[in-house]
Amino acid sequence: MSETVNLAGQIEKQLPAGLVGLMRQAGEVAAGQGQRLYLVGGVVRDLLLGRTNLDLDLVVEGDAIDLAQKLAGTTRSKITTHPRFHTAKIQREKWSIDLATARTEIYDRPGALPVVQPGTIDIDLLRRDFTINAMAVELTPGGYGRLIDPYKGQDDIKDMLIRVLHESSFIDDSTRIWRGLRYEQRLNFRLETATLKLMNRDIDRLDTISGDRIRHELELALKEEFPERVLRRAAELGVLAKLHPGLKGDSWLVEKFKQARMASDTPPPGLYLALLAYRLNSAEAEELISRLRLPKLLAQTLRDADNLKGKLGSLADPGLAPSRTYNLLHGYSQTAIIANSLAGDSPVVRQHIQLFLDRLRYVRPALTGNDLIKMGFAPGPRMKAILERLHEARLDGKVTDKKEEEKLVKGWVAKESRIDKF
Ligand code: ATP
């Protein structure tokens, strides 16, 4: 029997007082109903590691919705319930806590979502992904702070290992492969030998995962502080190739992701995705888009990034007029433009793109269609052409204010014998 560990002190030290108060209250309310309440999963792991995590998951051996409703009565909290999943969310001021009913999950077939049945905390922990995530801390008075660690998660934390709970874990849910890589790289742990073997054995199961679920895993990987580490490891283990065989997690990608962070503190996941997909050709990019069932906007970002590659040659001309830079770049998504700037590797291209993003895309002529009508032009294609020429003149710095623009337009009219020249 291992000695009892109590994390009450760690909880006080690492979590904000208001949140601790709310958890204690929740524990008391649960006890009043004859139920036990636990803090579970990632936050317990992070309490042991001394890492900040305010993403609290609570599990009650009873009914989460019933408990949440009682809590809403005694505390000033807002609750949202999901009766189908027997879960509830408690929100107060800045925090929110997810509350679930202890449950067991039965998988009808590999890769499918599980059928859920009520259970005890031990059974609930058994359905979890890795030993380091399969620990709980009791929150009910009497047992407050007691660590429950049936799978020796503490030992694996000490040894810095990612270990599954049983050998069909990746068969039950192969998205755990991606989860494992994320934890390994985030925490600087190692996949334990048998777990790594199981991962290799079950890697083809990733093909059975729906596009939405696999995209979600990739998005989570891209939200990590250093997503390139996860992708590099995924490439090494053949996991990345399961998204698309043309994807690479090599030193080029590592370098580009670092540059993306230098360009902006928290690059949007779409930028990382565009860089990851950058070296695919158009047909391969389409294959990735459909495998991941990418939403419209992200799909457009990848398509824009791909189309823009064909314009990099023109953008590399040092003598390029600003109006030409504008015409080459406008209409494309900003993320796709930045991806090309980072991936393109040409200082001249970067300068042109920077100029476009900082200044050119905001430039508009001072004269409007109404002004031109007042000057005697009739609305129609000719007027549109004049406005476009004015826009170009403004972009190229040939005119800088409304007066100069009027003069320019009058000059054009005087020079041309017929106005339809425009
Ligand atoms: P993170 O720090 O990345 O948010 P987390 O450990 O809090 O990690 P969540 O995705 O929020 O992870 O899930 C909460 C807990 O639910 C996990 O710690 C784990 O115990 C369990 N869990 C989540 N997804 C799975 C899964 N696919 N299979 C098994 N258990 C899972």
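All of the numbers you see were taken from the coordinates with simple rules; none came from a lab. A quick note: this is a predicted structure, and the numbers were derived from the prediction, not measured. Cβ sites come from the backbone with ideal geometry, for glycine too, and all protein chains shown count toward neighbours.
Looking at the range 178-329, I'd like the Rg to Rh ratio, where Rg is from alpha-carbon atoms and Rh is Kirkwood's inverse mean 1/r.
Using Cα coordinates only, the ratio equals 1.02.
Assuming 1.002 mPa s and 20 °C, estimate D for the range 139-178 with Stokes-Einstein, Rh taken as the Kirkwood radius over Cα pairs, in µm²/s.
It diffuses with D of about 173 µm²/s by this estimate.
When only DSSP loop residues count, what trypsin sites (Lys or Arg not before Pro) in the range 333-422 have their Cβ near at most 11 other Cβ atoms within 10 Å?
418
Can you give me the Cα centroid spacing of the range 256-317 and the range 112-161 in angstrom?
After rounding, the separation between the Cα centres reads 39 Å.
Determine the calculated [θ] at 222 nm for the chain from helices alone, applying -39500 (n - 2.57) to every DSSP H run no shorter than 4 residues and normalising by the residue count; nearest 500 deg cm²/dmol.
It lands at -15500 deg cm²/dmol.
For helix 227-236, report the angle its Cα long axis makes with the longest principal axis of the Cα atoms of the chain; keep it between 0 and 90° and round to the nearest 10°.
For 227-236 against the chain, the angle is about 80 degrees.
Given the options 264, 323, 290, state which has the largest fluctuation in a GNM of the chain using a 10 Å cut-off (strictly under) for Cα springs.
Result for the chain, Cα springs under 10 Å: 264 fluctuates most.
Stokes-Einstein diffusion coefficient for the chain at 37 °C in a medium of 0.692 mPa s, Rh from the Kirkwood formula over Cα pairs: what value in µm²/s?
128
How much length is gained on full extension from residue 89 to residue 188, taking 0.36 nm per residue of separation minus their Cα-Cα distance?
32.5 nm
Do any trypsin sites (Lys or Arg not before Pro) in the range 88-165 lie in a loop, going by DSSP, with at most 14 other beta-carbon atoms within 10 Å of their beta carbon, and if so which?
94
Would you kindly state how much longer the chain becomes between residue 250 and residue 262 on full extension, computed as 0.36 nm times their sequence separation minus their alpha carbon distance, in nm to one decimal?
Gain on extension, residue 250 to residue 262, equals 2.4 nm.
When the scattering of the range 369-421 is computed by the Debye formula from its Cα atoms alone, each counted once and equally, what is log10 I(q)/I(0) at q = 0.14, 0.23 Å⁻¹?
These q points yield log10 I(q)/I(0) values of -0.32, -0.91.
Would you be so kind as to identify which of 347, 325, 313 lies farthest towards the positive end of the dipole of the range 303-361, taking Lys and Arg as +1 and Asp and Glu as -1 on Cβ and the Cα centre as origin?
325
As an exercise, use a Förster radius of 56 Å and the Cβ-Cβ distance of residue 382 and residue 201 to find the FRET efficiency, rounded to the nearest 0.05.
0.20
Kindly express, to the nearest 10 degrees and within the range 0 to 90, the angle between helix 402-415's C-alpha long axis and the longest C-alpha principal axis of the chain.
So the helix axis and the longest Cα principal axis differ by about 40 degrees.
Inverting the mean 1/r over all pairs of different Cα atoms, compute the Kirkwood radius of the range 336-387 and quote it in Å.
One over the average 1/r among Cα pairs gives 13.5 Å for the range 336-387.
Go ahead and run the numbers for FRET between residue 402 and residue 282, Cβ-Cβ distance against an R0 of 45 Å, rounding to 0.05.
Working: r = 44 Å, r/R0 = 0.97.
So, using R0 = 45 Å, E works out to roughly 0.55.
Counting every Cα pair in the range 303-361, what percent are over 13 Å apart?
51
In degrees from 0 to 90, rounded to the nearest 10, what is the angle of the helix 334-344 Cα long axis to the longest principal axis of the chain?
Compared with the principal axis, the helix lies near 90 degrees.
Please report the orientation-averaged projected area of the range 1-158, defined via the convex hull of its C-alpha atoms, in nm².
Working: hull surface 38.2 nm².
Computed as one quarter of the Cα hull surface, the answer is 9.5 nm².
Here is the link list: 384/410; 248/309; 13/223; 256/296; 374/402; 374/403. Which ones come out longer than 20 Å on Cα distance?
13/223; 256/296
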